[in-house]
Amino acid sequence: MKKFYVVLGSIALGIGAVGVALPLIPTTFPLLIAAFCFAKSSPRLDRWFKGTKLYKNNLESFARGEGMTGKTKLRIIVSVTIVMAIAFIAMQNVLIGRICLAVVWVGHIVGIGFFVQTCPQEEREEESLVYDDQ
């Protein structure tokens with residue numbers, strides 16, 4: 001089972017890493033999957049992943065319960081909206097598909113907007129400077 005988590009975590013990490021560069025590819029959700037899988041697979045992989053800039057820039061404050069920066073939340077909302085809009089347009093003749101997409105999109109907006117705490121950007125930048133110096 002550990003091998004399964006390593007493979008799944010690696011795939012999710014790859015998708016999340018590509019998502020950092022390409023706005024249409026999601027970043028946060030695959031990185032959350034990678035964090036979960038690496039934590040389940042081995043302490044060594046978990047430590048390695050939590051030491052990467054990818055984790056620190058995208059998940060660290062969220063994992064500590066401090067929420068996400070407004071910039072991160074906006075990036076998630078914009079990328080989800082673009083992907084959902086493309087799928088919505090592609091499903092022009094599939095009413096139930098469009099309804100499902102609309103429900104999922106609204107769920108993302110409500111979830112990110114109202115249930116994920118927003119932490120100030122300035123605090124986050126100061127913290128990353130402290131961690132980079134150590």
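The values are calculated or read from the model by the stated rules, or taken from the named source; none is laboratory data. Quick caveat: nothing in here was measured; it's all calculated off a predicted structure. As a convention, Cβ positions derive from the backbone with ideal geometry for all residues, glycine included, and neighbour counts pool all protein chains shown.
Suppose we filter 74, 13, 8, 101 for residues that are at pLDDT below 90 and either over 17 Å from the mean Cα position of the chain (by Cα) or not charged (D, E, K, R) (or both); which single one remains?
Details: 13 fails: at pLDDT below 90; 8 fails: at pLDDT below 90; 101 fails: at pLDDT below 90.
One residue alone meets the criteria, 74.
Among the residues of region 58-84, the ones that are among the acidic types (Asp, Glu) and farther than 13 Å from residue 116 by Cβ come to 1 in all. Taking the conditions exactly as written (in a helix (DSSP H, G or I), of a type in the set (A, V, I, L, M, F, W, C) and more than 22 Å from residue 114 (Cβ to Cβ)), does residue 100 satisfy them or not? The answer is no for residue 100. Taken over region 4-25, residues that are touching a residue at least 24 places away in the same chain (Cβ under 8 Å) and either surrounded by fewer than 18 Cβ atoms within 10 Å (Cβ to Cβ) or among the hydroxyl-bearing types (Ser, Thr, Tyr) (or both) amount to 9.
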